[in-house]
Amino acid sequence: MKHNTVYHIKRIATTMVVAILFWGCGDGYKRVGQEALKKNYPQGVATNFTLTYTETQKELSTQDSATSRVIAILKSPLNEDYDNQSFKYKVFPNGLQVDFFDEKNQKSVIQADYGIIYSQTNVIDLQGNVVIESHDGKKLETPQLYWDRKNKWIFTEAEFTYTNPEDGTVMDGQGMDFNREFTFFSAHKTFGLMTIKEEE
């Protein structure tokens with residue numbers, strides 16, 4: 001009986017020592033910087049992604065029917081959809097191309113190395129070797145560009161080079177905004193040389 005009681009006391013003591021060791025070895029390390037950030041995982045991933053934007057001539061009710069026209073087509077080799085986050089967005093890490101179509105169905109093209117669509121604000125952020133080529137040959141090159149889909153407006157605060165083959169001009173500047181049809185644009189600041197083609 002005495003031997004049995006000693007055995008139980010040793011077992012209880014051993015259990016308490018192990019519990020104290022585990023309790024003392026808890027992770028009290030405070031994480032900061034990158035390791036403190038929660039990992040975000042997309043709710044969906046699509047390869048060879050294509051998204052077509054259309055519009056109708058008038059707002060439709062549930063009983064109306066009308067034809068719509070294509071105003072833009074977005075293509076990308078890879079799309080990661082983070083609409084499962086509190087601030088929803090879609091990422092195009094391997095670049096994208098957007099084809100715009102005006103009222104006469106003339107196509108202008110935007111290309112970039114990287115892009116993000118912010119779903120709640122309807123803004124597309126294009127980054128890295130952004131190039132716009134309009135249907136009439138005008139070309140804009142810049143490292144970053146924003147497209148406000150709701151207001152049909154495109155703008156940048158970055159440096160740019162604008163080439164107009166119609167009059168042979170090349171303009172360098174910083175900051176520019178223009179409409180989707182490229183019929184209006186405003187350069188905030190211009191600098192450098194402007195080359196003007198001389199008539200022969």
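The values are calculated or read from the model by the stated rules, or taken from the named source; none is laboratory data. On a predicted model such as this, the values are computed, not experimentally measured, just so you know. Quick reminder, even Gly has a Cβ in these numbers, built from the backbone with ideal geometry, and neighbours come from all protein chains shown. For the accessible areas, the whole protein counts, side chains as well, though only heavy atoms, and no ligand, DNA or RNA atoms are used. Shrake-Rupley method; radii C 1.70, N 1.55, O 1.52, S 1.80 Å.
Odds and ends about this structure:
- Per residue, segment 56-168 exposes 54 Å² of solvent-accessible protein surface, assessed with a 1.4 angstrom probe and all protein chains in place.
- Thr161 - accessible surface, heavy atoms, 1.4 Å probe, Å² rounded to 10: 40
- Relative packing of peptides 41-50, 109-118, 143-152 - highest average C-beta neighbours within 10 Å first: 109-118, 143-152, 41-50
- Evaluated at q = 0.17, 0.21, 0.24, 0.29 Å⁻¹, the base-10 log of the normalised Debye intensity for segment 63-128, with identical point scatterers placed on the Cα atoms, takes the values -0.70, -0.90, -1.01, -1.19.
- Taking the Cα atoms of segment 78-171, the ratio Rg/Rh between the radius of gyration and the Kirkwood radius comes to 1.01.
- Listed residues Ser119, Ser76 arranged by accessible area, highest first, probe 1.4 Å: Ser119, Ser76
- Taking the accessible area of segment 61-166, probe 1.4 Å, and keeping the other protein chains in place, the carbon and sulfur fraction comes to 46%.
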